[in-house]
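What follows is a set of notes on a single structure, which appears directly below.
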Amino acid sequence: MTIFTFTLILLLGAYLAGLAGSLTGLGGGVVIIPLLTLFFHVDIRYAIGAALVASIATSSGSASAYVKEGITNVRLGMFLEIATTIGAVMGAILAIYTPVNIVAIMFGVMLIFSAAMTLRKKSEAALETGSKWSYKLKLNGSYPTKTGPVAYKLENVGAGFSIMTIAGMLSGLLGIGSGALKVLAMDTAMKVPFRVSTTTSNFMVGVTAAASAVVYLQRGYIDPGIAFPVIIGVLAGAFTGSKLLMKINVNSLKLIFSIAITMIALNMIYNGLNHKF
């Protein structure tokens, strides 16, 4: 395969990764890493380095649009980024010393969990009263709808913070945005409405990935020849996704996406168990 062909295929894959990551809040790594390891046979650590760059690009491309539209809870995102950043640095350091096949198996398990989280029904109902910490930290907010702004209150702030630390660790270890865990922390534990949790997850992904990307960069696991087309493709996909989120019903997309990443996950686990990485 020529460099030109490699770059074109990687650009297309990165575009689809950015689009899917923007619409689902999962980040682009769930597509980028399998594409590089299974199709191009790139070492998984270099794939993780590129995926971290992709996550930063996804966040930068879509988060700005969501913030401008008033959907993202910026204060909540900045608060939870403290937990994800600490976890991300710990995970990135751990990844350097973890066998490649173990990382592949863990990545596959996380993909299956992400697929299940993507398909579950999420409530848009807002709480009438929130926890005392949601008031003390001023984390409650509102988001725009066709009928006007809808206010919401948060609960279980401590539980959400704890889950975010684990999400950050997985992000650093596996190179994915850990959007499934972030959405779980926000809309299940803290009762954040789905649109707000998804867009706030996108807002947070870049900071989490940047923290762990520094470790990969120092170790030489970020290859410009791989990372550059990934950045361009993911940014384009994330921008497209941010425009589509408010206009389309994404349930069908989520179903197709979940089936696809489950098949990829099983392949990753199989190869990891058989030491093919």
Just to be sure I understand the filter: pairs with C-beta atoms under 9 Å, separated by 6 or more residues or on different chains, first member in the range 208-230 and on the phi < 0 side of the Ramachandran plot and among the acidic types (Asp, Glu), second member buried (at least 16 other Cβ atoms within 10 Å of the Cβ) and at pLDDT 85 or above. Which pairs pass?
ASP223/VAL42; ASP223/TYR46; ASP223/GLY49; ASP223/ALA50
Of the residues in the range 41-76, how many are modelled with pLDDT of 80 or more and either surrounded by 24 or more Cβ atoms within 10 Å (Cβ to Cβ) or among the β-branched types (Val, Ile, Thr) (or both)?
14
Whichever residue in the range 197-214 is modelled with pLDDT of 80 or more and of a type in the set (Val, Ile, Thr) and, among such residues, is nearest to LYS243 (Cα to Cα):
THR200
Among all residue pairs at least 6 apart or on different chains, which show Cβ distances below 9 Å where the first residue, located in the range 52-71, is farther than 28 Å from GLN218 by Cβ and outside any helix (DSSP H, G or I) and the second is among the charged types (D, E, K, R) and modelled with pLDDT of 70 or more?
ILE71/ARG195
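Yes/no per residue for (1) modelled with pLDDT of 80 or more; (2) among the small types (Gly, Ala, Ser); (3) more than 16 Å from LEU76 (Cβ to Cβ):
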position: ARG120; (1), (2), (3): no, no, yes
position: ALA125; (1), (2), (3): no, yes, yes
position: THR129; (1), (2), (3): no, no, yes
position: LYS138; (1), (2), (3): yes, no, no
position: SER142; (1), (2), (3): yes, yes, no
position: VAL150; (1), (2), (3): yes, no, no
Could you list, in sequence order, all residues of the range 168-196 that are under 13 Å from the mean Cα position of the chain (by Cα) and at pLDDT 80 or above?
GLY168, MET169
Of all residues in the range 204-236, how many are aromatic (Phe, Trp, Tyr) and within 18 Å of ILE86 (Cβ to Cβ)?
1
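The values are calculated or read from the model by the stated rules, or taken from the named source; none is laboratory data. Everything quoted here is computed from the prediction, not taken from an experiment. Every residue, glycine among them, receives a Cβ derived from its backbone with ideal geometry; neighbour counts consider all protein chains shown.
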